[in-house]
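First comes the structure, then the notes that go with it.
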Amino acid sequence: ILMTTQWGSVAKVVQASLVDGSLTPIHFDLSGANRRNIASQRVLCVAPDGSAIVAESDPGRPPTLGAIAADCLGSGGGGGGGGPVPCRLLASLPPIQAAAAAPLLPPGSLPSISYELLNMDPPHGKVRARVQAILMTPERAVDDGDGDGDGDTLPLIVVPHGGPHSCTPTAYIPSYAYLCRSGFAVLHVNYRGSTGFGQEA
């Protein structure tokens, strides 16, 4: 059985064995950049021949669709021990226009978004479970006004998710990508109680 599951702040595709109950991560790379396995990935459907249609995105990149052949997912497949399984690129989706007043930009002209996954071990409380946050920053920094032009200060929007049993994944969310490309840093906080971090959290 193929399914999508939350591993910390990253959505991953896993294969569950009906024989022994084992879970094997399915690693694939549609970006061509091998984003350190922190791009979120999903299984969209499985075809009658056993092949899978999958999607991959990160906070700065809209979903990319791909196909994984059935023989790459069969017994002994899955890429659990080595590199990514072969995945054929089907389509790269463009960003969604966030507002009617925003100018329509040609492909490839959007400012880049950088992101990093922050891991923290809170020093307080009895629960010692790790928490994570996703920090998105625009490539163009905003000048901090001190005259040196180094742009080391950005306005920050902190986004705690609802729930509490939910999680913000390392996936493309158009509204936050729009805010980030407009000059804001965005911090998605996956606090204690977020899904994907285990029962202790």
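The values are calculated or read from the model by the stated rules, or taken from the named source; none is laboratory data. Being a predicted model, the structure only gives us computed values, none of them experimental. All Cβ positions, even for glycine, are placed from backbone atoms using ideal geometry, and neighbour counts span all protein chains on display. Quick note on the areas: whole protein, heavy atoms, side chains included, nothing else; ligands and nucleic acids left out. Shrake-Rupley method; radii C 1.70, N 1.55, O 1.52, S 1.80 Å.
Quick one: which of Thr4, Thr24 is at pLDDT 90 or above and touching a strand residue (DSSP E or B) at 6+ places or on another chain (Cβ under 6 Å)? Going through Thr4, Thr24 in turn, just one is at pLDDT 90 or above and touching a strand residue (DSSP E or B) at 6+ places or on another chain (Cβ under 6 Å): Thr4.
Sub-7 Å Cβ pairs linking a first residue in the range 169-197 that is without any contact (Cβ under 8 Å) to a residue 12 or more places away in the chain and farther than 12 Å from Gly60 by Cβ to a second residue that is of a type in the set (Asp, Glu) and open to solvent by 50 Å² or more (accessible area, probe 1.4 Å), at least 6 apart or interchain, number zero.
Specify the residue that is modelled with the highest pLDDT; the eligible residues are those in the range 177-201 that are β-branched (Val, Ile, Thr) and open to solvent by less than 50 Å² (accessible area, probe 1.4 Å). Restricting to residues being β-branched (Val, Ile, Thr) and open to solvent by less than 50 Å² (accessible area, probe 1.4 Å), the top hit is Val186. Can you tell me which residue within the range 64-86, out of those that are open to solvent by 30 Å² or more (accessible area, probe 1.4 Å) and under 18 Å from the mean Cα position of the chain (by Cα), is modelled with the lowest pLDDT? Result: Pro84. Among the residues of the range 33-52, those identified as under 23 Å from Leu118 (Cα atoms) and either at pLDDT below 90 or of a type in the set (A, V, I, L, M, F, W, C) (or both) are Ala33, Asn34, Arg35, Arg36, Asn37, Ile38, Ala39. Determine whether the range 158-176 contains at least one residue that is part of a helix (DSSP H, G or I) and surrounded by 16 or more Cβ atoms within 10 Å (Cβ to Cβ). For the range 158-176, residues part of a helix (DSSP H, G or I) and surrounded by 16 or more Cβ atoms within 10 Å (Cβ to Cβ): present.
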